[in-house]
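These notes concern the structure reproduced below.
The values are calculated or read from the model by the stated rules, or taken from the named source; none is laboratory data. This is a predicted model, so every value here is computed, not measured. Neighbour counts run over all protein chains shown; Cβ positions are idealised from the backbone, glycine included.
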Amino acid sequence: VDPGQPILLFYSLKLSPVGGDIFTRFRAIMPAMSQALEILQQRFGYSQFRPPQQAIIDSVIEGRDCMVIMPTGGGKSLCYQIPALARPGVAVIISPLIALMQNQVDALEQQGIGAAFLNSSLSHSEQYQVEQNLAEGRVDLLYVAPERLTSPSFIGLLQSLPLALFAIDEAHCVSQWGHDFRADYLQLAPVLSRFAEVPRIALTATADADTRREILARLELRQPEQFICGFDRPNIQYRISQKSDPKKQLLKFLANEHPEDAGIVYCLSRRKVEDMALWLEQQGFTALPYHAGLSQSLRQQNQDRFLREEGVIIVATIAFGMGIDKPDVRFVAHLDLPKSLEAYYQETGRAGRDGHAATAWMIYGLQDVIKLRQMAADSSASEQFKRQEQHRLGAMLGLCEVISCRRQVLLGYFGEDLAEPCGNCDNCLNPPQTWDGTEAARKALSCVFRSGQRFGVSHLVDILLGKSTDKIIQFNHQQLSTFGIGTELNGAQWRSVFRQLVAQGYLNVDTEGYGGLQLAQKCRPLLQGQQSLALRKDDKPPAKTKREAGAKPELASKDEPLWQALRELRRNLALEQDLPPYMIFHDATLMEMIRWQPATLAELSRISGVGERKLELYGQAFLDCLCQHYQNQDPAQPEQDRETLLQTLQLARSGQDAEAIASSRGLKADTVYSHFERLIGEGQLALAEAVAINEAEISQLQATMLEAEASAEGLRLKPIFEAFEGLYNYGQLRCVRADLQLEKGEE
Ligand code: ADP
Ligand code: ZN
């Protein structure tokens, strides 16, 4: 039963990277705005709310209770931080993640906001200092652990203060059935009820319908508004492939796509974690291990370095990650299969919280499937538990083997429909091929049956291939009718058949741990010829996706030196204050600086992520860095020139074509096309925004250009113009060419 009168609001969260926000420029001329928006802009330096934030914040400011379910990286913190500033009094934030409180307080102080925390890590005198600051009204946000809230002395302290709100973070911890259950969360409601007039806002990223009901009931939310946002994380690219040589595969992935990025590599065992971290170090990466077997202090130290240094890779068991709110984790790599889609989604969700492109990359193989099937079938557990585990694992394996859009499967599992394939997963980018595996599956299954349903894959494959190994001779298996009937496939292909049969539940794995395969009920119609089976081809054509999600797709190669200079400045500022660099400015903010090239403090203040306080602290240093760079680098691009380019850019982004821009600006169309050409070359304008030519035609044009380029003639536009009989004008051709060159530059 739902307590209260829930108003269900569904939002689909589309995080656009802050970098794409052109309206930032117009901020200064916007009309009178709400108090919340003013706080967002002045204190946090962001120009707009993401859609659900505004509604949530408004209702908390009005004093209503709310429940907010929003994916990681969606921007939950602002939902209580802004009301905390807008309402009089202290906001109390209850969070189980003690280790992160310091971090959150540091980040707020960077924005010039009075914040503090109280937990067991503080000494008596530090605690006293916090209480003093509270009493003197210097604290707007107070972070506390749940157990603190129930202590009588703390309740006394709260009663002496004006309170703005209670925020209950990680609210799913209240669920006794969930894996993060905290008994202290059950004690919260009685305390909260002593402060009847103070609104409560409960927030979490993970909550199915049952958990949501528990949150509403156990935190005794009063006629709450519910904000349930879509789970999609469109900036994360999901990729899953076959495991062949894990180290080599991982190295290739890192070297090609994330050479300098921070990321997390997950492995199942501690030994493998240690081994991988060491090996990555030897390959020249900064890689640190993290698992429950390491001392508390070493774990803390490695986690700190991950947060504070740039480009650190953490190699971890699943013990790592809860509550890590590092915004610029660019990849999450799984070297072993997680046990469930819940786990997979939570772990991959740690990538790309800043809304920029990030990769969720995983490799898996037959042994993973067998091992997990075995664990799920472990005979010591209850029948119901086993069924549940099998079901979870089935869904996980389903995701691995699916040949359609992975995001549709993932979101579907969480009850959300994605109408169209996403276009940003490996299956969408590079559709896998299938083959009719009916005959092969039958051979494999009957081989399992004839050999007595107790042998593992290697032996079964040897039988099918007709090999005379010791084991085959020992068991007299060359006498089997299935001996040597499978020579049309090689060993790897047979292993792929077996993997898919196990993954799809046609074969069971023994529970004794020997990896013996047994027929499952499900395989009957297949064996009796009533069903056919399409299997996935493993050896895909080499990935030639158009533009893979790299770390910084927006950055043109000529901007690299400036990017490095800005990062170095940020690093030094961070070091001076012992803060993680992202607390100075996010990558997205640095990227905007490169794009907009601000020349004054006023211009800099319009960039997303530059609030009043940070402008004061760091503005001049960054301006100096930018100016110095332009003086050295770019005498050919005077300021005025930039201004006219920007105007063209804004108009193009608003949907006008070259002719329309030319006539509204009183320029020649040719001039506008030359702006387009430059903007495309700098990676600021997408080709699709510049010219109305469909993708198929563009591919054709670019293919023709590549051909021309390779010929003795070289790439001249006239022959291309003529080849297409004037269908495209020279301006359009120049745009297409600029895009082609940009892409080549990025390869
Ligand atoms: P969550 O707690 O939901 O995982 P956070 O509150 O940590 O997410 O926010 C994720 C990131 O998005 C942070 O880096 C935050 O600064 C940024 N962010 C949140 N709201 C906005 C906004 N309106 N505009 C720009 N960036 C935002
Ligand atoms: Zn997809």
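In the range 473-499, the residues that are among the aromatic types (Phe, Trp, Tyr) reach residues that are assigned to a loop (DSSP other than H, G, I, E, B) with C-beta atoms within less than 8 angstrom, at least six apart or across chains, in these pairs: Phe475/Ser451; Phe483/Gly466; Trp494/Gly486.
Just the residues that are surrounded by fewer than 19 Cβ atoms within 10 Å (Cβ to Cβ) and either touching a Lys or Arg at 6+ places or on another chain (Cβ under 8 Å) or in contact (Cβ under 8 Å) with a residue 40 or more places away in the chain (or both), please, taken from the range 430-442. Residues satisfying the conditions are Asn430, Pro432, Gln433, Thr434, Trp435, Asp436, Thr438, Arg442. Every condition in (1) in a loop (DSSP other than H, G, I, E, B); (2) at negative phi is met by Gly112 except one, and the failing one is (2). Reported count of residues in the range 24-49, each being among the basic types (Lys, Arg), surrounded by fewer than 19 Cβ atoms within 10 Å (Cβ to Cβ) and modelled with pLDDT of 85 or more, is 0.
Listed by position, the helices (runs of 4 or more DSSP H) enclosed by the range 453-534 that each have at least 1 residues that are of a type in the set (Ser, Thr, Tyr) and out of contact with any helix residue (DSSP H, G or I) (no Cβ under 6 Å at 6 or more places or on another chain) are 457-465, 491-503. Could you list all residues from the range 257-298 that are touching a residue at least 12 places away in the same chain (Cβ under 8 Å) and part of a helix (DSSP H, G or I)? Glu257, Arg270, Lys272, Val273, Glu274, Met276, Ala277, Trp279, Leu280 - these are the residues of the range 257-298 that are touching a residue at least 12 places away in the same chain (Cβ under 8 Å) and part of a helix (DSSP H, G or I). When the range 60-84 is filtered for residues that are under 23 Å from Gly114 (Cα atoms) and either within 16 Å of ligand 2 (Cβ to nearest atom) or polar (S, T, N, Q) (or both), the ones remaining, listed by number, are Ser77, Gln81. Does the range 430-439 contain any residue that is in contact with a Cys (Cβ under 8 Å, 6 or more places away or on another chain), more than 16 Å from ligand 1 (Cβ to nearest atom) and at pLDDT below 90? Within the range 430-439 (the criterion being in contact with a Cys (Cβ under 8 Å, 6 or more places away or on another chain), more than 16 Å from ligand 1 (Cβ to nearest atom) and at pLDDT below 90), the answer is no, since none of the residues qualifies.
The residues on offer are Arg406, Arg454, and the sole one that is in contact (Cβ under 8 Å) with a residue 60 or more places away in the chain, surrounded by 17 or more Cβ atoms within 10 Å (Cβ to Cβ) and more than 16 Å from ligand 1 (Cβ to nearest atom) is Arg406. Considered as a group, the residues in the range 131-153 that are touching a Phe, Trp or Tyr at 6+ places or on another chain (Cβ under 9 Å) and modelled with pLDDT of 95 or more include one that is surrounded by the most Cβ atoms within 10 Å (Cβ to Cβ), and that residue is Leu142. Of the strands (runs of 3 or more DSSP E) lying entirely inside the range 154-237, those containing at least 2 residues that are at pLDDT 90 or above and not aliphatic (A, V, I, L, M) are 200-204, 225-229. Quick check: is even one residue across the range 101-116 crowded, with 16+ Cβ neighbours inside 10 Å, of a type in the set (S, T, N, Q) and in contact with a helix residue (DSSP H, G or I) (Cβ under 6 Å, 6 or more places away or on another chain)? The answer is yes; a qualifying residue exists. Filter the range 43-96 for residues that are hydroxyl-bearing (Ser, Thr, Tyr) and not in a loop (DSSP other than H, G, I, E, B); which is farthest from ligand 1 (Cβ to nearest atom)? Checking each candidate, the answer is Ser59. Here Ser380 does not qualify as more than 16 Å from ligand 1 (Cβ to nearest atom) and touching a Cys at 6+ places or on another chain (Cβ under 9 Å).
When the criteria are applied in full, Leu740 meets the requirement of being part of a helix (DSSP H, G or I), within 17 Å of Lys558 (Cα to Cα) and touching a helix residue (DSSP H, G or I) at 6+ places or on another chain (Cβ under 8 Å).
Conditions (1) in a helix (DSSP H, G or I); (2) within 16 Å of ligand 2 (Cβ to nearest atom); (3) surrounded by 19 or more Cβ atoms within 10 Å (Cβ to Cβ); (4) hydroxyl-bearing (Ser, Thr, Tyr), marked per residue:
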| residue | (1), (2), (3), (4) |
| --- | --- |
| Thr589 | yes, no, yes, yes |
| Ala602 | yes, no, no, no |
| Leu623 | yes, no, no, no |
| Leu667 | no, no, no, no |
| Gln684 | no, no, yes, no |
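Filtered by the rule that a residue be of a type in the set (Asp, Glu) and either within 15 Å of Ser451 (Cα to Cα) or in contact with a His (Cβ under 7 Å, 6 or more places away or on another chain) (or both), the range 473-514 gives a lone residue, Asp510. Exactly one residue out of Met593, Met583 is hydrophobic (A, V, I, L, M, F, W, C), at pLDDT 90 or above, in contact with an Asp or Glu (Cβ under 8 Å, 6 or more places away or on another chain) and buried (at least 18 other Cβ atoms within 10 Å of the Cβ), and it is Met583. Note on the range 97-112: residues that are over 23 Å from the mean Cα position of the chain (by Cα), touching a residue at least 60 places away in the same chain (Cβ under 8 Å) and more than 13 Å from ligand 1 (Cβ to nearest atom) total 2. Would you mind stating whether Cys422 is within 16 Å of ligand 2 (Cβ to nearest atom) and not basic (Lys, Arg)? Taking the combined requirement at face value, the residue satisfies it. Among the residues of the range 486-514, those that are surrounded by fewer than 19 Cβ atoms within 10 Å (Cβ to Cβ) and under 11 Å from Ile370 (Cβ atoms) comprise Asp510, Gly513, Tyr514. Checked against (1) touching a residue at least 24 places away in the same chain (Cβ under 8 Å); (2) over 13 Å from Leu221 (Cα atoms); (3) among the hydroxyl-bearing types (Ser, Thr, Tyr), Ser193 passes all but a single condition, namely (2). When every residue of the range 320-341 is checked against the conditions, none turns out to be touching a residue at least 24 places away in the same chain (Cβ under 8 Å), hydroxyl-bearing (Ser, Thr, Tyr) and within 16 Å of ligand 1 (Cβ to nearest atom).
Among the residues of the range 338-364, the one identified as surrounded by fewer than 18 Cβ atoms within 10 Å (Cβ to Cβ) and among the small types (Gly, Ala, Ser) is Ala343.
Of the residues Ile661, Ile698, the single one that is within 23 Å of Gly726 (Cβ to Cβ), part of a helix (DSSP H, G or I), modelled with pLDDT of 90 or more and of a type in the set (A, V, I, L, M) is Ile661.
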